[in-house]
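> Quick one: this structure, given as structure tokens, is what I'll be asking you about.
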Amino acid sequence: MDPQLHPYATLSPAKVVAAVESLGFWLPGEPFALNSYENRVYLVHDDDRRRWVVKFYRPERWSDAAIQEEHDFLDELAADGVAVSAPWRDAEGVSLHRAEGFRFALFPHLPGQAPELENPAHLFALGELIGATHAVGERGRFRHRPVMDLDAMVLEARDRVLASDWLDGRRRVAYERLVAALHERLADHAWPAERAIRVQGDCHIGNMLGRDEHFALVDFDDCLMAPAVQDLWMLITAQHDEERHMQLSEVVEGYEQHRDFDRRELALMEPLRTLRLLRHSAWLVARWDDPAFPPAFPWLAEAGYWDGQLRLLEQQRLVLERESRWLA
């Protein structure tokens, strides 16, 4: 696709302002683009000096019903006292709005910094935040959002990469071989759909903001039905076993202030890491026609990137062949 024809190419600052002002706000300044690629997200402030985050949803990615489930889940969490930013609703209770062919929503801005994952107090607080989220999440189910399926998601990622022209013959053969081996290993870690709960889905440190030991969870764009560990595994980053177990202990202790954690889910940590590696490359390939992607990820077009990915996948294959250290 010609980048000039991509829908987001038409989303000018003036259109962002006009969209928000169509809801009855007046914005005295320009919108500030935040670091987001899947959607377009801006920080704005109104004439009462309130700060808002306005998210323009990527066209055709989610159905209206799926976006509404995201919003309703946030409302449910906020009503239960969980630190999240629930969407603004108009007098009729509408949270999903339209302007210039885009769907968008407005969220109160939550200031703060990313947590320090080597800080035990931060890890405990994050575990407590996610536990509180999951205590609400297990009370209901999504009907219009995805259910995590390791098998289907691996195959979808593989097919997206192989359908592209990014891999030459040698790398294509190596990629197919590695993904086949990983797929075989991941098949042993299927998680029953009936035991999945509503989760945030993308719990990296950029989506947890706060100060001291008080954090909020933001950006529920990828919320889905999944095992609880989907929101925990990215917090375990240490390279040595002793430090890893410290991180895990603090996170789980905080989590269990609100909800019991099923230790069997620890066996999913490396499979979920593998899935994220595969899906990230597939995401970059699928979004390359978006004008924001080539300047932000220029290394995707370099052979060195794909050689690095093949090495990472080989390392994950070896990790998955070993007995999980988290079960000890």
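> Tell me which of these residue 249 doesn't satisfy, since it passes every other one: (1) modelled with pLDDT of 95 or more; (2) surrounded by fewer than 21 Cβ atoms within 10 Å (Cβ to Cβ); (3) closer than 19 Å to residue 197 by Cβ.
Looking at each condition in turn, residue 249 falls short on (3).
> Can you tell which of 191, 166 is over 18 Å from the mean Cα position of the chain (by Cα), modelled with pLDDT under 95 and more than 21 Å from residue 312 (Cα to Cα)?
Of 191, 166, the one residue that is over 18 Å from the mean Cα position of the chain (by Cα), modelled with pLDDT under 95 and more than 21 Å from residue 312 (Cα to Cα) is 191.
> Keeping to the stretch 244-262, report how many residues are without any contact (Cβ under 8 Å) to a residue 60 or more places away in the chain and either under 22 Å from residue 113 (Cβ atoms) or not in a loop (DSSP other than H, G, I, E, B) (or both).
Final tally of qualifying residues: 2.
> Test each condition in (1) small (Gly, Ala, Ser); (2) surrounded by fewer than 16 Cβ atoms within 10 Å (Cβ to Cβ); (3) modelled with pLDDT of 95 or more; (4) more than 22 Å from residue 258 (Cα to Cα) for residue 140 and report the one that comes out false.
(4)
> I would also like to ask the following. Residues in the stretch 210-235 that are modelled with pLDDT under 95 and either among the charged types (D, E, K, R) or surrounded by 20 or more Cβ atoms within 10 Å (Cβ to Cβ) (or both): how many?
Summing the residues that are modelled with pLDDT under 95 and either among the charged types (D, E, K, R) or surrounded by 20 or more Cβ atoms within 10 Å (Cβ to Cβ) (or both) in the stretch 210-235 gives 4.
Residues checked against (1) acidic (Asp, Glu); (2) touching a Leu at 6+ places or on another chain (Cβ under 7 Å):
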| residue | (1), (2) |
| --- | --- |
| 164 | no, no |
| 177 | no, no |
| 182 | no, yes |
| 188 | yes, no |
| 191 | no, yes |
| 197 | no, no |
| 201 | no, yes |
| 204 | no, no |
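> Working only within the stretch 21-57, note down all residues that are surrounded by 14 or more Cβ atoms within 10 Å (Cβ to Cβ) and part of a loop (DSSP other than H, G, I, E, B).
Hits for the stretch 21-57 are 23, 25, 27, 31, 34, 36, 37, 38, 39, 46, 57.
The values are calculated or read from the model by the stated rules, or taken from the named source; none is laboratory data. Keep in mind it's a predicted model, so treat the numbers as computed, not measured. Positions of Cβ are backbone-derived with ideal geometry, glycine not excepted, and every protein chain shown enters the neighbour counts.
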